[in-house]
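K.L.:
Sharing a structure here in structure tokens format.
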Amino acid sequence: MSDVKQLIASATRPERIVEINTRGDLFVRKQELEERLQQVGQQSNNTRLGDVPAAVKIAEEIHDVEVESEQYILKLRLRAVPRRAWRQALTDHPPTDAQKEQNYIADTSAVAEAVLAESIVEPELDAEDLDGLLDGINDAQWSLLEDSIFQLNGGDNKVPFSQIGSAVRRLYGAESKSPESGESPSDDSTDGNPDSSSPSPTETKKDARLAG
């Protein structure tokens, strides 16, 4: 597709999926079971896990907790907001005094919260749902959302290199064809390798905060 008008018409804003575990108590339950499993192993010198039937039972309980935990994963599909709306959000939420000392251009947490409702495209959340989400998550989960919002709106959002996809193509696809006789891949070729200079999400978020 080379037509400029078609390219512009087909443009979409960047998206990503963020997973939020809504049952933090299951994490503690799994921790407790793993401690019990270790204790069973320490109670006998005959086998590595001591009482094998008891160890197996606890291991099954751990597996059940892991399966149950998967049922309480909230998958949020986030999309970058329009550029003008993003710039306005940065303007509307100036940095705190402490943030100014670090050369931040905006109150990043306030900016992320201001655009969160517009950023979530799936599932559909009403105001009550959104309030419940914000009240139910911890700081680490909020930081995950905040980082994702800044990455979407401030990063370059290039489609990342797929190592597994490239490996399958090398083994079974077009890349599996042997080079012509006498030819060998160039040692200095970087084809098939991710760009090591690409910034991490954390670096991109920092750049967005400082540079605007």
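Only the coordinates and a few stated rules stand behind these numbers; no lab work does. Every value quoted in this text rests on a predicted model; they were computed, and no experiment measured them. Glycine also receives a Cβ, built like all others from the backbone with ideal geometry; neighbour counts cover every protein chain displayed.
K.L.:
Under a point spin-label approximation (7 Å from Cα along Cα-to-Cβ), what is the Thr12-Ile164 distance to one decimal in nm?
P.N.:
2.1 nm
K.L.:
With θ set to phi - 60°, apply the Karplus curve 6.51 cos²θ - 1.76 cosθ + 1.60 along the stretch 14-27 and write out the HN-Hα couplings as whole Hz, x wherever there is a Gly or Pro.
P.N.:
3J(HN,Hα) across the stretch 14-27, in whole Hz: x, 9, 7, 9, 10, 9, 10, 7, 8, 10, x, 5, 5, 4.
K.L.:
Subtracting the Cα-Cα distance from 0.36 nm times the residue separation, let me have the gained length for Glu34 to Ala127 in nm, one decimal.
P.N.:
Full extension from Glu34 to Ala127 adds 29.6 nm.
K.L.:
Taking 22 Å as R0, compute the FRET efficiency from the Cβ-Cβ separation of Asn103 and Ala140 and round it to 0.05.
P.N.:
E between Asn103 and Ala140, to the nearest 0.05, is 0.35.
K.L.:
Further question on the same structure: List the GluC sites (Glu not before Pro) within the stretch 104-136 that DSSP assigns to loop and that have no more than 11 neighbouring Cβ atoms inside 10 Å.
P.N.:
Here the sparse-neighbourhood loop sites are Glu124.
K.L.:
Moving on. So how do 23-30, 86-93 stack up, highest first, on mean other-Cβ count within 10 Å?
P.N.:
Taking the mean over residues of other Cβ atoms within 10 Å, the ranking is 86-93, 23-30.
K.L.:
What length, rounded to one decimal in nm, is gained on full extension from Lys57 through to Thr22, with 0.36 nm per residue of separation minus their alpha-carbon distance?
P.N.:
10.0 nm
K.L.:
Expressed as cubic angstrom per residue, what is the convex hull volume of the alpha carbon set of the stretch 12-143?
P.N.:
166 Å³
K.L.:
Show me the ranking of peptides 7-14, 32-39 by mean Cβ neighbours inside 10 Å, starting with the highest.
P.N.:
Descending packing order for the listed peptides: 32-39, 7-14.
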